[in-house]
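*Asks:* Can you read through this structure? Questions will come right after.
The values are calculated or read from the model by the stated rules, or taken from the named source; none is laboratory data. These numbers come from a predicted model, not from an experiment. So basically every Cβ, Gly included, is an ideal-geometry build from the backbone, and we count neighbours across all protein chains shown. Just the protein is used for accessible areas: all its heavy atoms, side chains included, with ligands, DNA and RNA removed. Shrake-Rupley method; radii C 1.70, N 1.55, O 1.52, S 1.80 Å.
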Amino acid sequence: MSTALRLTQQEVDPIGGVAAAPLVLTGSILGVVTSIALTAWHWDEVGSVVAAVAGILLVAAAGAVATVSALPSRAPFTVDRLWFVVALAVGGAIAEYVSTVGADRYLYDNYGPLVVGILILSLAPFSTWISLLAAGAVAAAVLAILAVGSSGASATQANAAALVAVNSVAVLALSAAGAAYSATIVRESLAWQREANAIALERDGGVRAGIVRSVQQGRVSVLSREVLPFLAGVMNAERISVADADRARELAEMLRRALKAGIESTWLDDLASSIGAARRIPVAVDDPGATAARLRSDQRPPLTALLSWLSSAERSDAIRIEVAAEGGGAIVRVEALVAAAGGSAPARREVERFLAVARAVGVRGDLEMTRENVRVEFRYDA
């Protein structure tokens, strides 16, 4: 449960976070339309046109900030962005109260609580459920205090309890709905990931066993093909020549490289070997320091998905991966040679989707494309 408190849908399901970005725009437009419609509805109650216009502009600013902050290119969404959006929306509600102070005859035609709640709800895929509840509670408290404080100057005869209820229920209800959505989607996603990981670990055990067998078979083939005939020839010879000594050193170096490659191979080497064998294209990995092992399990899927996509549908003729250490993190550069003919060449927009998913899990990415090559760079922090 403590892990779920710190996670959002964008973090546990980056693709779902990318798909949810348009919903924020929809919520922002709905908030602005609501503020304009209700302001027009009680225009005869408006005593300050400047305050009324300022309220609508603040709501529009809150919607714009929410929409831009939720864009895949701006990922990951942080809690300070949520509070900034809520602060702007509450500022719009305050401006609306100021515009109708002393002339507000009805409780139900103020847009402030509804707009704040809509914006909080629209940001549910990008915020933790606890932050959504906190933002809703703080906004409801501010609006309730404002309503009670201005009740003396209001034309309505409602009591303080009714004012607090009307000005709080919309914010609290929509915030609670957003929190419930966030908590549910995170819990379900984590449960699905645990099940998928269990299956993957079981399959990975079989794959690793196969890799071990293949490495052992490779060593045996080197011994049987090169070393054993050489030893048999040396044993039958009356004297060891300089050429025999040089050949012995060459075979020793060959065995050393085979042993070193088996010991220092990482998950990225295994992935490259698997893709190369399945797709029949060369996939080279340059990772002398085994830096790929630093990547956490949540940082590997974007790179894995990109490599799998580039190697499929005859998009690439060859792929080269360079891995270098950067502080406690790593830089991974992927360069794919675009297929000369017969395949579907990668499009920039398609590759940028992988970068958007990477940014959602805190991985920075850059893209360079030419007619012949696709170059993608991932920067992983420690």
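*Asks:* Does region 303-312 hold any residues that are under 22 Å from the mean Cα position of the chain (by Cα) and surrounded by fewer than 17 Cβ atoms within 10 Å (Cβ to Cβ), and which are they? Working first, answer last.
*Replies:* Step one: list which residues in region 303-312 are under 22 Å from the mean Cα position of the chain (by Cα), which gives 303-310.
Selection gives Thr304, Ala305, Ser308.
*Asks:* Among the residues in region 118-132, are any surrounded by fewer than 16 Cβ atoms within 10 Å (Cβ to Cβ) and of a type in the set (A, V, I, L, M, F, W, C)?
*Replies:* yes
*Asks:* Okay, moving on. Being in a loop (DSSP other than H, G, I, E, B) and either modelled with pLDDT of 80 or more or assigned by the TED database to the domain that holds Ser73 (or both) is the requirement here; does Arg333 meet it?
*Replies:* Details: in a loop (DSSP other than H, G, I, E, B): no; either modelled with pLDDT of 80 or more or assigned by the TED database to the domain that holds Ser73 (or both): yes.
In short, no.
*Asks:* If you don't mind, there's one more thing I want to ask. Could you identify the single residue in Asp298, Asp270 that is acidic (Asp, Glu), within 25 Å of the chain's Cα centre (by Cα) and in a helix (DSSP H, G or I)? Explain how you work it out, then say what you get.
*Replies:* Details: Asp298 fails: in a helix (DSSP H, G or I).
Going through Asp298, Asp270 in turn, the sole match is Asp270.
*Asks:* Just need a number here: residues in region 38-47 that are open to solvent by less than 20 Å² (accessible area, probe 1.4 Å) and more than 17 Å from Gly91 (Cβ to Cβ). Can you show your working first?
*Replies:* Filtering region 38-47 down to residues open to solvent by less than 20 Å² (accessible area, probe 1.4 Å) leaves 39, 42, 45.
Now narrow it down to the ones that are more than 17 Å from Gly91 (Cβ to Cβ): 42, 45.
Selection size over region 38-47: 2.
*Asks:* Listed residues Leu38, Leu30; which is in contact with an Asp or Glu (Cβ under 7 Å, 6 or more places away or on another chain), of a type in the set (A, V, I, L, M, F, W, C) and assigned to a helix (DSSP H, G or I)? Outline the logic, then answer.
*Replies:* Numbers: Leu30 fails: in contact with an Asp or Glu (Cβ under 7 Å, 6 or more places away or on another chain).
Unique residue meeting the criteria: Leu38.
*Asks:* Right, another one. Is one or more of the residues making up region 88-99 more than 19 Å from Ala176 (Cα to Cα), assigned to a loop (DSSP other than H, G, I, E, B) and at pLDDT below 95?
*Replies:* In the first step, residues of region 88-99 are kept if they are more than 19 Å from Ala176 (Cα to Cα); the result is 88, 91-99.
Narrowing further to those that are assigned to a loop (DSSP other than H, G, I, E, B): none.
No: region 88-99 contains no residue that is more than 19 Å from Ala176 (Cα to Cα), assigned to a loop (DSSP other than H, G, I, E, B) and at pLDDT below 95.
*Asks:* Could you go through region 34-44 and let me know if any residue there is of a type in the set (D, E, K, R), under 22 Å from Pro14 (Cβ atoms) and either in the same structural domain as Gln9 (by the TED database) or out of contact with any His (no Cβ under 7 Å at 6 or more places or on another chain) (or both). Even if it seems obvious, please write down each step before you answer.
*Replies:* Narrowing region 34-44 to residues of a type in the set (D, E, K, R): 44.
Checking the rest, the ones that are also under 22 Å from Pro14 (Cβ atoms) come to none.
Checking region 34-44: not a single residue is of a type in the set (D, E, K, R), under 22 Å from Pro14 (Cβ atoms) and either in the same structural domain as Gln9 (by the TED database) or out of contact with any His (no Cβ under 7 Å at 6 or more places or on another chain) (or both).
*Asks:* Here are the criteria: (1) under 33 Å from the mean Cα position of the chain (by Cα); (2) without any contact (Cβ under 8 Å) to a residue 60 or more places away in the chain. Tell me which single one Thr100 does not satisfy.
*Replies:* (1)
*Asks:* Out of the residues in region 149-172 that are in a loop (DSSP other than H, G, I, E, B) and open to solvent by less than 50 Å² (accessible area, probe 1.4 Å), state the one that is modelled with the lowest pLDDT.
*Replies:* Of the residues in region 149-172, the ones in a loop (DSSP other than H, G, I, E, B) are 150, 154-159.
Remaining after also requiring open to solvent by less than 50 Å² (accessible area, probe 1.4 Å): 150, 154-156, 158.
Details: Ser150: 61, Ser154: 52, Ala155: 47, Thr156: 54, Ala158: 56.
So, considering only residues that are in a loop (DSSP other than H, G, I, E, B) and open to solvent by less than 50 Å² (accessible area, probe 1.4 Å), the one modelled with the lowest pLDDT is Ala155.
*Asks:* Then there's this: Which condition breaks for Ala277 when tested against (1) over 30 Å from Ser69 (Cβ atoms); (2) surrounded by 13 or more Cβ atoms within 10 Å (Cβ to Cβ)?
*Replies:* That leaves (2) as the condition not met.
*Asks:* Specify the residue that is farthest from Gly362 (Cα to Cα); the eligible residues are those in region 1-37 that are aliphatic (A, V, I, L, M), modelled with pLDDT of 90 or more and open to solvent by less than 70 Å² (accessible area, probe 1.4 Å).
*Replies:* Taking region 1-37 and keeping what is aliphatic (A, V, I, L, M), we get 1, 4-5, 7, 12, 15, 18-21, 23-25, 29-30, 32-33, 36-37.
The next check asks that each one be modelled with pLDDT of 90 or more; those that pass are 23-25, 29-30, 32-33, 36-37.
Filter once more, so that each one left must be open to solvent by less than 70 Å² (accessible area, probe 1.4 Å): 24, 32, 37.
Working: Val24: 21, Val32: 31, Ala37: 39 Å.
So, considering only residues that are aliphatic (A, V, I, L, M), modelled with pLDDT of 90 or more and open to solvent by less than 70 Å² (accessible area, probe 1.4 Å), the one farthest from Gly362 (Cα to Cα) is Ala37.
*Asks:* Can you confirm whether region 348-360 contains a residue that is surrounded by fewer than 21 Cβ atoms within 10 Å (Cβ to Cβ) and under 17 Å from Arg294 (Cα atoms)?
*Replies:* Within region 348-360, none of the residues are surrounded by fewer than 21 Cβ atoms within 10 Å (Cβ to Cβ) and under 17 Å from Arg294 (Cα atoms).
Conditions (1) open to solvent by less than 10 Å² (accessible area, probe 1.4 Å); (2) closer than 30 Å to Arg353 by Cβ; (3) in the same structural domain as Thr184 (by the TED database), marked per residue:
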position	(1), (2), (3)
Ser69	no, yes, yes
Val85	yes, yes, yes
Ala140	yes, no, yes
Ala147	yes, no, yes
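*Asks:* Scanning for something free of Cβ contacts under 8 Å to residues at least 12 places away in the same chain, outside the structural domain of Arg300 (by the TED database) and either closer than 13 Å to Ala124 by Cα or not in a loop (DSSP other than H, G, I, E, B) (or both), does region 15-26 turn up at least one residue? Give the derivation first.
*Replies:* Initially, region 15-26 is screened for residues free of Cβ contacts under 8 Å to residues at least 12 places away in the same chain, giving 19, 22.
Imposing the further condition that a residue be outside the structural domain of Arg300 (by the TED database) reduces the set to 19, 22.
Remaining after also requiring either closer than 13 Å to Ala124 by Cα or not in a loop (DSSP other than H, G, I, E, B) (or both): 19, 22.
Checking region 15-26: at least one residue is free of Cβ contacts under 8 Å to residues at least 12 places away in the same chain, outside the structural domain of Arg300 (by the TED database) and either closer than 13 Å to Ala124 by Cα or not in a loop (DSSP other than H, G, I, E, B) (or both).
*Asks:* Has region 48-58 got at least one residue that is outside any helix (DSSP H, G or I), small (Gly, Ala, Ser) and surrounded by fewer than 22 Cβ atoms within 10 Å (Cβ to Cβ)?
*Replies:* Within region 48-58, the first condition is being outside any helix (DSSP H, G or I), and the residues that meet it are 48.
The next check asks that each one be small (Gly, Ala, Ser); those that pass are 48.
The next check asks that each one be surrounded by fewer than 22 Cβ atoms within 10 Å (Cβ to Cβ); those that pass are 48.
Within region 48-58 (the criterion being outside any helix (DSSP H, G or I), small (Gly, Ala, Ser) and surrounded by fewer than 22 Cβ atoms within 10 Å (Cβ to Cβ)), the answer is yes, since at least one residue qualifies.
*Asks:* Here is a follow-up. Please list, ordered by first then second residue, the pairs with beta carbon atoms under 9 Å, 6 or more apart or interchain, first in region 298-320 and within 20 Å of Leu190 (Cα to Cα) and not assigned by the TED database to the domain that holds Ala339, second of a type outside the set (Ser, Thr, Tyr) and surrounded by fewer than 22 Cβ atoms within 10 Å (Cβ to Cβ).
*Replies:* none
*Asks:* Sort through Arg300, Arg333, Arg315, Arg320 and tell me the only one that's open to solvent by 30 Å² or more (accessible area, probe 1.4 Å) and either farther than 17 Å from Leu271 by Cα or touching a Pro at 6+ places or on another chain (Cβ under 8 Å) (or both).
*Replies:* Working: Arg300 fails: either farther than 17 Å from Leu271 by Cα or touching a Pro at 6+ places or on another chain (Cβ under 8 Å) (or both); Arg333 fails: either farther than 17 Å from Leu271 by Cα or touching a Pro at 6+ places or on another chain (Cβ under 8 Å) (or both); Arg320 fails: either farther than 17 Å from Leu271 by Cα or touching a Pro at 6+ places or on another chain (Cβ under 8 Å) (or both).
After applying the criteria, what remains is Arg315.
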